[in-house]
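Asker: Sharing a structure, written as structure tokens. Questions coming.
The values are calculated or read from the model by the stated rules, or taken from the named source; none is laboratory data. Please read all numbers here as calculations on a predicted model, not as lab measurements. Cβ coordinates were reconstructed from backbone atoms using ideal geometry, including for glycine residues, and neighbour counts include every protein chain displayed. Accessible surface is based on the protein model in full, side chains and every heavy atom, while ligands, DNA and RNA are left aside. Shrake-Rupley method; radii C 1.70, N 1.55, O 1.52, S 1.80 Å.
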Amino acid sequence: SSPYHSQKRDHNYVLRSIPQIDLVKYPNDPTGCHPSESQSKIQKMVMLSNEPDQGESKYIVKQGIEDSPRLEFTSDTNDPEAIWIVDTHRYNCTDTLVSKITKRWENMTGSNQQPWKIILLDFSDKGQFHPLRGCLEKIVRIFRSNKYVFVAQRASTINRHHFLPDGASDKTKFRDLGYYSSFDAEYVYEQQRFPFNMHACSVQPLQYTVKNDLVKTLNELKNSDKTITREKDAAFFWNYAKHEINDFSSNGSSIRNKVGDTMVSFASQPENKKYNFTVDNVEGNEYGGQNSVRTEYAMGLLNHKIIVICQRYQYQGHYRLMEALAGGALVLADPMYPLPKGLEHKQSLIIYESFEDLSDYLEYYLEHEEERLKIAKSGYDVAMKYHQS
């Protein structure tokens, strides 16, 4: 079988030893792997999405370009200096995009037939590895070069099965967190199909940002007459009562249900009756999701000392990490790698690697206010500095 699929994973990896990787950056060097931070020229961007005002297209791509002093939109797909940025979750890559590229390429003549830079963004939950690979192959065949197309995926890890075997104790470390996605590794096995590697760099992690709408709502609440006292101790915003603990039917939510169960069990202990936990959707409302910001949810972020978050077991990455950091509480999160730029365990957030870890960290940081506030402030600063749209 392909060596790509036979890669072994180290289930006992140390999360903090994995190198951090920056957010996607627009390439301007020969390989695109190491963008220059000193670029002063305004970069024109062509955004391709069939739903530019929905989800990640709006909050990450569109708002990110609009708010950047270094980027600006253009609708001119023939502009030789423009970079194309494509939301492949909302724009057909294999057919529509390739057709658009082919048309422009064929209209070029002589020395004007030059490739241009294209960034493919895959926000899908589990990753569109094979469709993206097919799309990338077609584009590289047209350009006859692998130096102009760049890929970033939310699901930048493969074979993630983030749950514990039956009978595992709460002390058992989370396992099967996957390994990095790589188009090149696949093509080492398939060299007979293609004369050179597909891609100049590895697939980059596509990490979520703080939505501008949420930042605005949080600031309005903090500046209003309402006093932010963080009167409640910890929250996990998940409809825990709705699901069975071992229910795998809800998009791989069993680990979230177990987190809820751990918090409920912790709060029910006689010595912990003094704590006020929230393990539910805020005030009975569903999570605001990708296209809206609920005031109740924003108030929940501001009214708790600790916010616990958890990813679904099959994939990593969600808005909730940056949302929780933006609220200013201490954030307890399950493992993800690489951690977004600037974040570090016990410096700007807390990573729990087992359910026992979660209970221990809740107890410790509720009793050690100074440490909790210091880490929470650092996490907030990182989110505001590096991760706003």
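Asker: Looking at (1) modelled with pLDDT under 90; (2) surrounded by 14 or more Cβ atoms within 10 Å (Cβ to Cβ); (3) out of contact with any Cys (no Cβ under 8 Å at 6 or more places or on another chain); (4) within 17 Å of Tyr148 (Cα to Cα), which is the one condition that is false for Ser36?
Answerer: It fails just one condition, (2).
Asker: Quick check on region 47-95: of everything there that is of a type outside the set (Val, Ile, Thr), in a loop (DSSP other than H, G, I, E, B) and under 16 Å from Ala152 (Cβ atoms), which residue is most open to solvent (accessible area, probe 1.4 Å)?
Answerer: Once the filter is applied, the top-ranked residue is His89.
Asker: What number goes with the only condition from (1) in a strand (DSSP E or B); (2) more than 17 Å from the chain's Cα centre (by Cα) that Pro115 does not pass?
Answerer: Looking at each condition in turn, Pro115 falls short on (1).
Asker: Let me ask another. List, please: which pairs have Cβ atoms under 6 Å, are six or more places apart or on different chains, and start with a residue in region 76-87 that is more than 13 Å from Pro115 (Cα to Cα) and end with one that is open to solvent by 10 Å² or more (accessible area, probe 1.4 Å) and part of a strand (DSSP E or B)?
Answerer: Between residues of region 76-87 that are more than 13 Å from Pro115 (Cα to Cα) and residues that are open to solvent by 10 Å² or more (accessible area, probe 1.4 Å) and part of a strand (DSSP E or B), the close pairs are Ile85/Met47; Val86/Leu48.
Residue by residue, here is whether (1) among the hydroxyl-bearing types (Ser, Thr, Tyr); (2) crowded, with 21+ Cβ neighbours inside 10 Å holds:
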position	(1), (2)
Met299	no, no
Ile306	no, yes
Tyr319	yes, yes
Ala324	no, yes
Val331	no, yes
Asp334	no, yes
Leu339	no, yes
Leu343	no, yes
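Asker: Please specify each residue of region 246-284 satisfying the condition of being modelled with pLDDT under 80 and open to solvent by 50 Å² or more (accessible area, probe 1.4 Å).
Answerer: Asn246, Phe248, Ser249, Asn251, Glu283, Gly284
Asker: Okay, moving on. Return the pairs, sorted by first residue and then second, in which the second residue is open to solvent by less than 20 Å² (accessible area, probe 1.4 Å) and of a type outside the set (S, T, N, Q), the first residue lies in region 363-387 and is over 20 Å from Lys273 (Cβ atoms) and without any contact (Cβ under 8 Å) to a residue 24 or more places away in the chain, the beta carbons are less than 7 Å apart, and the residues are 6+ apart or on different chains.
Answerer: Taking only residues 6 or more apart or on different chains, the pairs are Glu371/Tyr365.
Asker: For region 63-86, which residues satisfy the criterion of being touching a Ser or Thr at 6+ places or on another chain (Cβ under 7 Å) and farther than 21 Å from Arg141 by Cα?
Answerer: Result: Gln63, Gly64, Asp67.
Asker: Just checking, how many residues over region 202-220 are crowded, with 17+ Cβ neighbours inside 10 Å and either in contact with a helix residue (DSSP H, G or I) (Cβ under 9 Å, 6 or more places away or on another chain) or modelled with pLDDT of 80 or more (or both)?
Answerer: Residues that pass the stated criteria total 13.
Asker: Here is a check on your reading of the model: is Tyr361 open to solvent by 10 Å² or more (accessible area, probe 1.4 Å), under 26 Å from Ala267 (Cβ atoms) and among the hydroxyl-bearing types (Ser, Thr, Tyr)?
Answerer: Here the answer is yes, as Tyr361 does meet what is asked.
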